Protein chains: 2
Amino acid sequence: MARSTPEVRPISSPSTVSCRFLPEDRAVEAEVGTTILDAAHANDIPVETVCAGKGTCGTCRVLVRDAEVPEPTPHDKRRLAIAQLAGGWRLACQHPVDAGAVYSHPLGIRAVRVVESAGLGRISLDPNIQKIYVKPSPPSLHDPRADWSLVQDELAAAAGDLDPTRDALSRLGAIGEEISQGVTVVIAGNRVISVERGDTTGVAYGLAFDIGTTTVVGALMDLTTGQEVAVASDINGQHIYGGDVISRMSATMRGPEFVERLHRAILDTVRGITTRCLEAADVRPDRVYEATFVGNTVMTHLLLGIDPSRISYSPFAPTTVDPVSLRASELDLPVLPSAWVWVAPAVASYVGGDIVGVMLSTNLGRRRGTTLVIDVGTNGEIVLAHQRRLFATAAPAGPAFEGAEITRGMRAAPGAIERVRITSNSVGVDVIGGGEPEGICGSGLVDAVAELLRVGAVLPSGRLLSGDEMEKALPGLADRVRPDDTGGEFVLTGDPASPEESIALHAQDIRRLQLAKGSIRCGTNVLLREAGLQPSDLDRVLLAGAFGAYIDPAQALAIGLLPPVPEEAVEAIGNAAGHGARMCLLSLTSRVRATDLPGHVHYVELSAVPDFQDQFGDAMGFPASDQAASND
Amino acid sequence: MARSTPEVRPISSPSTVSCRFLPEDRAVEAEVGTTILDAAHANDIPVETVCAGKGTCGTCRVLVRDAEVPEPTPHDKRRLAIAQLAGGWRLACQHPVDAGAVYSHPLGIRAVRVVESAGLGRISLDPNIQKIYVKPSPPSLHDPRADWSLVQDELAAAAGDLDPTRDALSRLGAIGEEISQGVTVVIAGNRVISVERGDTTGVAYGLAFDIGTTTVVGALMDLTTGQEVAVASDINGQHIYGGDVISRMSATMRGPEFVERLHRAILDTVRGITTRCLEAADVRPDRVYEATFVGNTVMTHLLLGIDPSRISYSPFAPTTVDPVSLRASELDLPVLPSAWVWVAPAVASYVGGDIVGVMLSTNLGRRRGTTLVIDVGTNGEIVLAHQRRLFATAAPAGPAFEGAEITRGMRAAPGAIERVRITSNSVGVDVIGGGEPEGICGSGLVDAVAELLRVGAVLPSGRLLSGDEMEKALPGLADRVRPDDTGGEFVLTGDPASPEESIALHAQDIRRLQLAKGSIRCGTNVLLREAGLQPSDLDRVLLAGAFGAYIDPAQALAIGLLPPVPEEAVEAIGNAAGHGARMCLLSLTSRVRATDLPGHVHYVELSAVPDFQDQFGDAMGFPASDQAASND
């Protein structure tokens, strides 16, 4: 049975038209006036372009069928041969879509391949970096043309007009007359960034970095296969200036030389990771053509050497939220000097390029349904996606989730209590590394409070029962309560009689967790209200980042860190920011989407919400536990 | 009496149309299909553009009158407001000229001013560098926008979408919240290269360099007035590797590290000149936003760190002849790191950017009549302009014109004989500096031979009369002839009896001059033949460069270095190459023209001319002197 092609139906609304693209054979609906190129890209149809629609590269040519071929524009005439113009070819960037038209485009140098990439799943592989092998005829006395002119002629058909860097010309000069034996041209955007002897089209690498305040992770990616070939991470070299972005910004306020110091510190970390990746994979530095970076806004400012200090005080304005492109030599990266560096855009001061990476890798704003994404940290970044609408905010949670400012708190390192289970007469703990417990980390803290709430030892108001109250309600736990003037504490492990040989959770610690979760929950509530939604409208809640991977979703629900949704709706998504950096490295389509994303996000500044105090107060309380309720 | 506006007459040829531009009120004829923008620029009508016609900046808007307003293109729609579209405004880069139409354009940020500039006469002042003062409203908690977004909004109307450099963002960050007190944005091309506190629009500098093989000259120019504020020159630091381009190329053949050494040597010279200019004029380094360079192809290759060695052997192919843009930091110039550097394009290996500068500053290819330009040096560069057609070649003259390889030859320095006058019984010489003569420089050599020819002591074949022949024809000079086995010599000054205490011109010296002038004359003859012209068709002969300024035009004609034209048609034009560099710095229109020029030049490779030997032989002879003829 012959497969029938779906009919293109005229759309009744006069503001949109419908057309079709070949060879995909896909129908596309676009607003009247949208260019053919924009319509294709909005639907992930890989019509090629080098100049991004300026009409100068000539690569976006399409054959117009089943509609009147529009009059050629000057750009059409400049870039297309007379025979092509007569045959119905036009530049897709030059003309609006026409109702019922069919546009056939060649699959060429930048054709999108879909590959499986570890951690990223199936992704489109259409990197910004292209390599083209050319074999120009040698110059002669009758045609003593410049090497670059010879190479450019060979490139023109495939890639349009390109501008070489000084470094690329110098490399071309070093190859000299051997260019007629064939050279490979490396293109980033509309610039030729290197020229290599022979056919090296099979060799191309890039780096994707996630610049965390605490940890920096870099991945060396093979741009020809989409696979990770090496990964390395290191503590952010700025750590000596403090553990969080606030202390880093305080450091920069000491003077411009401190901005420079923190700039150099992160660059040193990035350089070290780069060198380790290159050595691990045995890759030549000059075969690395691009690096992408995501990070929170303070980190990307410092990466670029921009003073971030104003982000720390009202009105919290950054210097830039736009993507920034520069050359690797400007950051002194140990790769090809002309390599391209792309720093992801941010939404706002406290919703940075890392969250744009999260939005990109979770396909937010493009998936159906209603999704909440929370990246829990010192600042909790919260994104709400409802259909194609995006809302974001940042909630200052403080360092409780990282185990800081908690009596016996510590980072999630060996010796930290990471799991707590409490019954009416026992407390069990899991310790990272399995040895003696030394303290409690963020996930252990959440667990402990959730369990205390569940058994009724902590009330929804956040108050820890006194010894007397515990004796009545939960006699099996009563000897674990150590009273003091500030609310008492609850001993998790060790001898309750010996404060030195036990680890306890203090009433103040519970209060701090309550403030932290209250802040994030308040952000969630404000976003839901902004979107006109209820928690019950949420189809899924995604937990991004390291903390999201460690936390027990049921317990996060139990303490009310997350709005009330079924437990199975909650999913940890790991390092989604880093995935975003990789996607932007491997796919120009993804990069364009990342660039567009911030413009589609409605950012809510929590401190500017009129009833913020009320909202925060409402979000502070713990949910009433079913079991505790039955104990009341 | 009211001045009547000239009527726009329809042109009979169907391949051109005529239109008019306001406010200049100038009629313009253009080929059918030419964009309005190109038609304007071809006629020096300053319709503004930032993106150079890509349709992306929106600055080239014109109001279309007296003709049908064309349908808006997608670029029109993106860049113009609905009211503008409805009012008849369109982007000049998007539409072909229409017969009879009148295009009215706003005079805005890049409006061309005509100024008097020392040495350059009246020139148009429309530098690539623009400064725009903006005063954005401060961010607020309800609109906590990034500084760059605020600045960009202010710029958008005037300058379209612009991309900031890392350095510009870093400077913006350092200004911080004071941006609301006003900042000045510095724009080069479509990039923002700096941001300065307050209104600094009145302060803008650039550097124009002429990189000679022997001497490097740099001028610091005020981009707001077009005036030179400082000039400095220095010996090219590569001189330790030899005096001419051939020896420089030989040096680079010793290995890549020698390319690097010669690259560093010229950069050191350029840096030294830059610092001296800045100090002399008391200008801050970060107020220098651009530098332009002209030089022969070997010098521009070495400036950019490109191995030039292949230029020295057949087929004499360079690595590039295109203009090259880069950042000042790539050359480590002591100016604003993001400052723009523009290196002029070349025509061919031996017709470099310096000659493009000469063509530009002499308005070649645009002036009426037929002009020959000769830049005499080790390589004589020759350009023939006939109406709008351009022909160029390079003639290997050898170093005779620089006084080298001549028995008593020396550079044009104190002690050099620079003028010679000979009568039937006397020889008079002028010595540079007025002291005792130590040798003879190029212009003295030309003079001496021209005078010997005139009196008949040298025959048109180039042979010096023997003592016996001289005794017969010119007895008053006979005792100056010192015979030897290789043609003898003629004593110019000093005691003829004492070879040590006299300066003589040897028959071999005359032969060397004959070869040198023969080579250049051969080049001229080949170009004239290529253009189908005779020497009598030449309206003027321009002598460029230092030698052209010293040589006596009558004597240059007398020895046949120049084709036979009236003496008054010959004019020395001084450092026209350096003038070209200044024009490219001060005027984007000039730079665009310089970029276009090489494509309009028909380059003739002399060694590929089939009858080169015959042509060279014919050009070797000296013209018969009127006076000598009467003596025969």
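The values are calculated or read from the model by the stated rules, or taken from the named source; none is laboratory data. Bear in mind that the values here come from a model prediction, so they are computed numbers and not experimental data. Neighbour counts run over all protein chains shown; Cβ positions are idealised from the backbone, glycine included. What goes into the accessible areas is simple: the full protein's heavy atoms, side chains included, and nothing from ligands, DNA or RNA. Shrake-Rupley method; radii C 1.70, N 1.55, O 1.52, S 1.80 Å.
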Residues located in region B:199-218, provided they are free of Cβ contacts under 8 Å to residues at least 40 places away in the same chain and of a type in the set (Gly, Ala, Ser) = B:GLY202
Test: residue in region A:291-303 that is polar (S, T, N, Q), modelled with pLDDT under 95 and part of a helix (DSSP H, G or I) = no
inquiry  = Of the residues A:ALA404, A:ALA412, A:ALA416, A:ALA392, only one is within 26 Å of A:LEU528 (Cα to Cα) and of a type in the set (A, V, I, L, M); which?
reply    = A:ALA392
note = A:ARG419 vs (1) farther than 30 Å from A:PHE316 by Cα; (2) assigned to a loop (DSSP other than H, G, I, E, B); (3) not aliphatic (A, V, I, L, M): all pass except (2)
ask   = If you take the residues in region B:75-95 that are modelled with pLDDT of 80 or more and open to solvent by 30 Å² or more (accessible area, probe 1.4 Å), which one is farthest from the other protein chains (Cβ to nearest Cβ)?
value = B:TRP89
task = Just one of (1) within 14 Å of chain A (Cβ to nearest Cβ); (2) in a strand (DSSP E or B); (3) more than 17 Å from B:GLY365 (Cα to Cα) trips up B:PRO610, so point out which.
result = (2)
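Please state which one of A:LEU364, A:LEU384, A:LEU333, A:LEU360 is in a strand (DSSP E or B) and either within 14 Å of another protein chain (Cβ to nearest Cβ) or buried (at least 21 other Cβ atoms within 10 Å of the Cβ) (or both).
The conditions single out A:LEU384.
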inquiry  = Out of A:GLU489, A:GLU451, A:GLU501, A:GLU436, I need the residue that is farther than 30 Å from A:LEU384 by Cα, among the charged types (D, E, K, R) and either at pLDDT 95 or above or surrounded by 23 or more Cβ atoms within 10 Å (Cβ to Cβ) (or both). Which one?
reply    = A:GLU489
remark   = Within region A:37-74, the count of residues that are outside any loop (DSSP other than H, G, I, E, B), open to solvent by less than 20 Å² (accessible area, probe 1.4 Å) and within 12 Å of chain B (Cβ to nearest Cβ) comes to 3
query = Among the residues of region B:302-321, how many are within 7 Å of chain A (Cβ to nearest Cβ) and either closer than 14 Å to B:ARG264 by Cα or open to solvent by 20 Å² or more (accessible area, probe 1.4 Å) (or both)?
reply = 9
note = Residue hits (region B:196-211; open to solvent by 20 Å² or more (accessible area, probe 1.4 Å) and either in contact with a Pro (Cβ under 9 Å, 6 or more places away or on another chain) or closer than 24 Å to B:LEU304 by Cβ (or both)) are B:TYR205, B:ASP210
query = Take the residues of region A:418-476 that are without any contact (Cβ under 8 Å) to a residue 60 or more places away in the chain and of a type in the set (S, T, N, Q): which is nearest to A:GLU489 (Cα to Cα)?
reply = A:SER466
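Based on what the data block shows, is A:THR34 within 12 Å of chain B (Cβ to nearest Cβ) and open to solvent by 30 Å² or more (accessible area, probe 1.4 Å)?
Yes, satisfied.
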query = For the subset of region A:463-483 comprising residues that are open to solvent by 70 Å² or more (accessible area, probe 1.4 Å) and of a type in the set (Asp, Glu), which member is farthest from A:VAL429 (Cα to Cα)?
reply = A:ASP468
note = Per the filter on region A:143-193, residues more than 14 Å from chain B (Cβ to nearest Cβ) and either outside any strand (DSSP E or B) or basic (Lys, Arg) (or both) are A:GLU154, A:ALA157, A:ALA158, A:ALA159, A:GLN181, A:GLY182
task = Name every residue in region A:268-289 that is open to solvent by 50 Å² or more (accessible area, probe 1.4 Å) and in a helix (DSSP H, G or I), in order of residue number.
result = A:ASP268, A:ARG271, A:THR275, A:ARG276, A:GLU279, A:ALA280, A:PRO285
task = Tell me which of these B:PRO399 doesn't satisfy, since it passes every other one: (1) under 22 Å from B:VAL216 (Cβ atoms); (2) open to solvent by 40 Å² or more (accessible area, probe 1.4 Å).
result = (2)
